[in-house]
1. Stretch residue 122-residue 219 to full length: gain in nm at 0.36 nm per residue minus the Cα-Cα span?
2. How much area per residue is accessible in segment 100-221 when the probe is 1.4 Å and only protein heavy atoms are counted (Å²)?
3. In the chain, once you exclude exposed GluC sites (Glu not before Pro) (DSSP loop, at most 15 other Cβ within 10 angstrom), what's the longest stretch remaining?
4. Tell me the mean residue ellipticity at 222 nm calculated for the chain from its helices only (DSSP H runs of n ≥ 4, each -39500 (n - 2.57), averaged over every residue, nearest 500).
5. Membrane-span-like helices in the chain: DSSP H runs reaching 30 Å or more (Cα, own axis), mean Kyte hydropathy at least 1.0?
6. So which of 156/237; 20/152; 140/208 end up more than 18 Å apart by C-alpha?
7. On full extension of the chain, what length is gained from residue 1 through residue 163, given 0.36 nm per residue of separation minus the C-alpha to C-alpha distance?
8. Counting only protein heavy atoms, what percent of the accessible surface of segment 1-110 is carbon or sulfur at a 1.4 Å probe?
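The values are calculated or read from the model by the stated rules, or taken from the named source; none is laboratory data. As the structure is a prediction and not an experimental result, all values here were calculated from the model. Here the Cβ positions follow ideal geometry from the backbone for every residue, glycine too, while neighbour counts run over all protein chains shown. What goes into the accessible areas is simple: the full protein's heavy atoms, side chains included, and nothing from ligands, DNA or RNA. Shrake-Rupley method; radii C 1.70, N 1.55, O 1.52, S 1.80 Å.
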Amino acid sequence: MHRFKLTLSYDGGAYHGWQKQPSVLTVEEVIESAMATILQSDIDVIGQGRTDAGVHALCQVAHFDVEDIDDIHGLVYALNRLLPDDICVREIERVHQDFHARFDARDRTYGYRFSDLSNPLQRHITLALPRNCDVRRMQKAASVFLGEYDFKGFSKYNKDAFTTLCTVTESRILDHGNTYEYEVTANRFLRNMVRRIMGTLLDVGLGKTSPEEISQALQTGETVFQKTAPPHPLILKEVTY
């Protein structure tokens, strides 16, 4: 058996997240089904991590094992012909047998798009800010999340998580004119973590909380910020190895 690294992009609007689940449609399920059809064999695709229902990806990474692939470019072409238009395989490459999409990943980067102007053409990937939301306050508060902290208070409980410690190396709000993007990079992310952080930053912009309260919650691991921002503006941008 040989191991291959799979890189793909998708619009997550029609899917109940990445990971296979009973009775709902997921990206992983669609990918495995297409690969099984073409390769005439059951394929187990192992992703670097989950994305929530409705979340998108520019660069999701996974790996799978098969006996061999004679024509990698031909497989990419065939998959993209068979897959729905909201999923695209960007690359397949042979890797070392010990490569693991999840455990070998060093960092993940997410982006969350929002705007102070309502744009119907961007509504599926951009959050319209509430009125009177101060983006400058949000920008100043974003840096509070930098460092290694217990993010238990900024995530959904997951009994399978072996640790809730995460190291955030980038946390900033980029200004693209009337559109902004919260960009965050960390060695790992917990369930709903980016969306909880974004929900907290929105509360900062609305004057409902302060950077000092956020810092205290990070130091203590208290679960005090449970506002979860909507999933549709969130995009997995990059996974580094």
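1. 31.3 nm
2. Result: 52 Å² per residue.
3. 68-221
4. Result for the chain, helices only: -7000 deg cm²/dmol.
5. Taking the DSSP H segments of the chain (at least 30 Å long, mean hydropathy at least 1.0), we get none.
6. 156/237; 20/152
7. 55.1 nm
8. 47
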